[in-house]
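The structure appears right after this line, and notes come after that.
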Amino acid sequence: MENGEVIEPNITNSESKFALFEIKADKQPIGKFALAKKFSTSTVNLKEGDQVYLFSDGYADQFGGEKGKKLKSKNFKHLLCSLADLEMKAQGEELNRRIEEWRGDYEQVDDICVIGFRI
């Protein structure tokens, strides 16, 4: 990693051979904002077979399950690791299926954006 940035391995799913490395997002909105500051830049060296996911907080913030609680970021990241050996199209289909199953009868509370690709 360049520019003094460090990516720490912060999730290893015991059910998966994959680890997830995260670059933390800047804590500011993308649109017009009175106190806007310059977004940080990171450079990552990728190799063949690596997968990259870009996502909003919408998936993790969705209410559902038996107790009507949020899915939460940690659970979402474990889910990504558990699906990583599938083809990308199948990952997307499974993410859609799982969030609908999780949500159940609860209304969707936020936009959900997950973009993934394999090098």
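The values are calculated or read from the model by the stated rules, or taken from the named source; none is laboratory data. Values in this document were obtained by computation on a predicted structure and should not be read as measured data. Note that each Cβ is placed from the backbone with ideal geometry, even for glycine, and that neighbours are counted across all protein chains shown.
A few comments on the model shown:
- Positions within the range 64-74 being in contact (Cβ under 8 Å) with a residue 24 or more places away in the chain and surrounded by fewer than 17 Cβ atoms within 10 Å (Cβ to Cβ), in sequence order: 65, 68, 74
- Residue 49 passes every criterion in (1) modelled with pLDDT under 90; (2) farther than 24 Å from residue 100 by Cα apart from (1).
- For the range 61-73, the condition of being closer than 12 Å to residue 115 by Cα, modelled with pLDDT of 95 or more and not β-branched (Val, Ile, Thr) holds for none of the residues.
- The range 77-97 residues that are hydroxyl-bearing (Ser, Thr, Tyr), paired with ones that are exposed (fewer than 12 other Cβ atoms within 10 Å of the Cβ) (beta carbon under 9 Å, 6 or more apart): 82/15
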